[in-house]
Amino acid sequence: MNISEIFQIREGNGKNKNGITPTFPEEIYTTGLLELKDVIAPSALEINANYVRLGEKIARTFFIMSYPRFLAANWFSPIINLDKVFDISIFVHPIDTAGVMRQLQKKVAEVQSQIHIREEKGLVRDPQLDIAYQDLEALRDKLQQAQERLFSLGIYITLYATSTEELDKVETEIRSMLESRLVYVKPALFQQAEGLNSVFPLCTDKLSVTSRFNSAPLSSIFPFVSFDLTSNKGILYGINRHNNSLVLFDRYSMENYNSVIFAKAGAGKSYTTKLEILRSLMFDADVIVIDPEREYEYLTTAVDGRYFNISLTSRHHINPFDLPVPREDEAPADVLRSNIISLVGLFRILLGGLTPEEDSIIDRAISETYASRDITADSDFSQVTPPILSDLELILLNMEGGESLAQKLRKYTQGTWSGFINQPTNVDINQKFVVFSIRDMEDELRPAGMYIITHYIWTAVRRQIKKRLLVIDEAWIMMKSEDAASFLYGLCKRARKYYLGVATITQDVGDFMKSSYGVPIITNSSIQLLLKQSPATIDLVKQTFNLTDEEKFLLLESDVGEGIFFAGLKHVAIKIISSYTEDQIITSDPQQLLAIKKAKQEFAKAGEAQNGKNQNLLETPKNIDETFKI
């Protein structure tokens, strides 16, 4: 077909000389073009009375039809923050004030007339009419003074689901949330197509279902409000996973400064804690850590802290008989009595429990042991030399009924474990960052070791009030013993008076909650952080923290370093983040640690090689000088 024939066909009836309608190349090209609307359009569209099917999804549009007389601030926030798939369109149309004033004047006259008619008939006054009259007059005054303006408000919500059952479930949830605030919605029956077009970002209100609002209640629907924990001071804990805001928080701004962290092994609890420690040190807080797995050693070196390894063969010792110097508001007798009670609890742990008779004997023996060193309620505790465990053993041997207890104590004074606590204290925690490691301590002694270390720290904390943070990692070890758990609970209750925050960390939620002190410790902690949980313990965590089903599944599906951060009455989904430098200091990932160690070794070898080259350069001139001398 030549050019002249093509023009003849197009100018004629569209057929060639054989009576056939040909297809031109440009028409074939145009037919095969893929436009933007072809890409975003669903595979199918079905419009029903109360939903629209968009491909594999089902959508249903609602409009808000009724509001209460009063709207609280942020009343719409729970809907916006709901973890569901939905779209919301808010249409605000300004209304001419002059026309509204004329309508209000007529309405006021009508209401006033009804009130007068009821008065003339001798009827009891109608409170609803009185309130309407007062509201109308107040609104007229504010409009006249330009303090308020009137608007026409339309709110449309479109829910999406994969089935009608799921859609009905989400609808019921949203309805209940709104109706609890006396806000009522209705589906756009036989107007689902118009509703869908109204929700699409086209700025077209196809439904036109509106209510009149003045400025004050209209501001309560401001949509960009979500739960956050951003304050003007504090440290960065992470990122709010919902709106990407920063979770900045100061634990010392709460009613108490304690926290608990629950997570499964490898979920990032130690990483999170070390990150908080590193940032707390920059805000002039002293930090003390009980480290059961030697995870904080490198961090101690990096920040120039002190690291004490407490074990049977360690050169570091703590004497549980040490006494704190009483403060001005404390009586020496109360301090001595409190220390004796704590020592009785320690011996219950060391001796595997005490009978009531043995408990009484131990209590009297400890008092006599202090008295043997001239330590009484009237003594100056700063000038005395405290006794050691051997002194208590000697007292028990000379007491009626104390021989058996002395025999039990002998393994701690003369036996294999004699180097554990039968020594004067030779550690000093007068440093910004201090770590006590109990990794090399036998499992049988760990609860007692943590008890002794915690008691020593508590004694030192009471001497001087400073901003401090005590981190007890793997706290479930202490919770296995009733006396250790009781001491930890008492510490959490009293810590605030001494400007101390206690951070309790554990992975065995079951062991922690088995103790009668588990829940009280949680309730006495203003901050709770739940990271990834295992399916075996999630139901217990849900029950303890009153989690919703969505929050339960969020913890099950969270990645490492993700979870829920509770601070007082607020909680947000959080993702822990760190800088590269912080990550290199605090990481406990074995693979990453091996890579860092390998990089250090290669760097050291390169440094030695460079030093060898430099030495050769230094020796060359010397040899040349000697040659010239010869």
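FYI, it's all coordinate maths here, none of it is from the lab. Since we're looking at a predicted model, the values are computed, not measured. When we count neighbours, we look across all protein chains shown, and the Cβ atoms used for this are built from the backbone with ideal geometry, even at glycine.
Viscosity 1.567 mPa s, temperature 4 °C: give me the Stokes-Einstein translational D for the range 45-219 in µm²/s, with Rh taken as the Kirkwood radius over C-alpha pairs. Walk me through the numbers on the way to the answer.
Working: Rh = 18.5 Å.
The diffusion coefficient I find is 70 µm²/s.
By the gyration tensor of its Cα atoms, with a ≥ b ≥ c the square roots of the eigenvalues, what is the shape of the range 283-341: rounded for a/c under 1.5, prolate for a/b over b/c, or oblate?
In terms of gyration-tensor shape, oblate.
Take each of the peptides 232-239, 68-75, average the number of other beta-carbon atoms within 10 Å over its residues, and list them starting from the highest.
On the way: 232-239: 17.2, 68-75: 13.2.
Averaged packing, sorted descending, gives the order 232-239, 68-75.
Find out how many positive minus negative residues lie around Thr300, taking Lys and Arg as positive, Asp and Glu as negative, among other residues whose Cβ is under 13 Å from that of Thr300. Let's see the in-between values first.
On the way: positive: Lys274, Arg294, Arg306, Lys432; negative: Asp291, Glu295, Glu297, Asp304.
Cβ neighbours under 13 Å give a net charge of 0.
I need the phi-derived Karplus couplings for the range 34-48: 6.51 cos²θ - 1.76 cosθ + 1.60, θ = phi - 60°, integer Hz, Gly and Pro marked x.
Once rounded to whole Hz, the list reads 10, 9, 4, 5, 6, 6, 8, 6, x, 5, 8, 9, 10, 9, 10.
Mind giving me the FRET efficiency for Ala109 and Glu255? R0 is 60 Å, r the Cβ-Cβ distance, nearest 0.05 is fine. Intermediate values should be presented prior to the final figure.
Working: r = 55 Å, r/R0 = 0.92.
For R0 = 60 Å, the calculated efficiency reads 0.65.
Using only the Cα atoms of the range 319-423, each taken as one equal point scatterer with no solvent, compute I(q) by the Debye sum, divide by I(0), and report log10 of the ratio at q = 0.14, 0.19 Å⁻¹.
After summing over all Cα pairs, the log10 values are -0.52, -0.94.
Can you tell me the orientation of helix 356-372 relative to the chain, as the angle in degrees between its alpha-carbon axis and the longest Cα principal axis, to the nearest 10?
It works out to around 60 degrees.
Rounded to whole Hz and in sequence order, give me ³J(HN,Hα) for the range 507-516 from the Karplus expression 6.51 cos²θ - 1.76 cosθ + 1.60, θ = phi - 60°, writing x for Gly and Pro.
10, 8, 4, x, 5, 5, 7, 5, 6, 5
By how many degrees, between 0 and 90 and to the nearest 10, does the Cα long axis of helix 164-179 differ from the longest principal axis of the chain?
80
Cross-link candidates for Lys605: which lysines have Cα within less than 24 Å, leaving aside residues fewer than 8 places away along the same chain?
Partners found: Lys597, Lys613.
I need the calculated FRET efficiency for the pair Ala138 and Ile88, taking r as the beta carbon distance and R₀ as 30 Å, to the nearest 0.05.
After rounding, the FRET efficiency stands at 0.50.
Add +1 for every Lys or Arg and -1 for every Asp or Glu among the other residues with Cβ under 11 Å from the Cβ of Ser198, and state the total. Working shown, then result.
Numbers: positive: Lys206; negative: Asp87, Glu194, Asp205.
Cβ neighbours under 11 Å give a net charge of -2.
Determine, for each peptide in 135-146, 448-459, 52-63, the mean count of other beta carbons within 10 angstrom over its residues, then list the peptides with the highest first. Kindly include the intermediate steps, with their values, before the conclusion.
Working: 135-146: 13.7, 448-459: 23.0, 52-63: 18.3.
Most protected by this proxy first, the peptides run 448-459, 52-63, 135-146.
If I take every Cα pair under 8 Å that is 6 or more residues apart in the range 120-263, average their sequence separation and divide by the length, what percent do I get for the relative contact order? Numbers along the way, then the final one.
Working: 104 pairs, mean separation 26.1, N = 144.
The normalised contact order for the range 120-263 reaches 18 percent.
Restricting to bridges with both residues inside the chain, how much of the DSSP beta-bridge set is antiparallel, in percent to the nearest 5? Intermediate values should be presented prior to the final figure.
Working: 46 of 73 bridges.
Here the share of antiparallel DSSP bridges comes out near 65 percent.
Evaluate E = 1/(1 + (r/R0)^6) for Arg102 and Glu166, where r is the Cβ-Cβ distance and R0 equals 45 Å; express this FRET efficiency to the nearest 0.05.
On the way: r = 49 Å, r/R0 = 1.09.
With R0 = 45 Å, the Cβ-Cβ based efficiency is 0.35.
With a cap of 10 neighbouring Cβ atoms within 10 Å, and only residues DSSP puts in a loop, list the trypsin sites (Lys or Arg not before Pro) found in the range 264-336. The partial results should precede the final answer.
Numbers: sites: Lys264, Lys269, Lys274, Arg279, Arg294, Arg306, Arg315, Arg327; in loops: Lys264, Arg294, Arg315, Arg327.
Of the trypsin sites (Lys or Arg not before Pro), not one in the loops of the range 264-336 has a Cβ with at most 10 other Cβ atoms within 10 Å.
Tell me the mean residue ellipticity at 222 nm calculated for the chain from its helices only (DSSP H runs of n ≥ 4, each -39500 (n - 2.57), averaged over every residue, nearest 500).
Details: 25 runs with 286 residues, N = 630.
Rounded to the nearest 500, it is -14000 deg cm²/dmol.
Give me Cys492, Cys203 sorted ascending by neighbouring Cβ count inside 10 Å, so fewest comes first.
Fewest-to-most ranking of Cys492, Cys203: Cys203, Cys492.
Could you pull out the pairs from Lys233/Lys575; Lys552/Lys575; Lys432/Lys532; Lys186/Lys552; Lys467/Lys493; Lys532/Lys570 whose alpha carbons sit more than 21 Å apart here?
Lys432/Lys532; Lys186/Lys552
Normalising by the residue count of the chain, find the relative contact order in percent from Cα pairs under 8 Å and 6+ residues apart. Don't jump to the answer; show the numbers that get you there.
On the way: 924 pairs, mean separation 99.3, N = 630.
With pairs under 8 Å counted, the relative contact order is 16 percent.
For Ile574, list long-range residues whose amide hydrogen, built 1.01 Å from N in the peptide plane, is under 5 Å from its own amide hydrogen.
Here the answer is Arg241, Gly563, Ile564, Phe565, since their amide H atoms fall under 5 Å of that of Ile574.
Amide H to amide H under 5 Å from Ala503: which residues, 5+ apart in sequence or cross-chain, H placed 1.01 Å off N in plane?
Here the answer is Ser259, Leu470, Val471, Ile472, since their amide H atoms fall under 5 Å of that of Ala503.
Kindly rank 209-215, 497-503 from highest to lowest mean number of other beta carbons found within 10 Å of each residue.
Numbers: 209-215: 16.6, 497-503: 20.7.
Top to bottom by mean Cβ count within 10 Å: 497-503, 209-215.
Rounded to whole Hz and in sequence order, give me ³J(HN,Hα) for the range 461-468 from the Karplus expression 6.51 cos²θ - 1.76 cosθ + 1.60, θ = phi - 60°, writing x for Gly and Pro.
Per residue, the Karplus-derived 3J(HN,Hα) values read 5, 6, 5, 8, 7, 9, 6, 9 Hz.
Kindly flag which residue pairs out of Lys84/Lys514; Lys169/Lys542; Lys269/Lys466 have an alpha-carbon separation exceeding 32 Å in this structure. List each step's numbers first, then the result.
Values: Lys84/Lys514 36 Å; Lys169/Lys542 22 Å; Lys269/Lys466 26 Å.
Correct reply: Lys84/Lys514.
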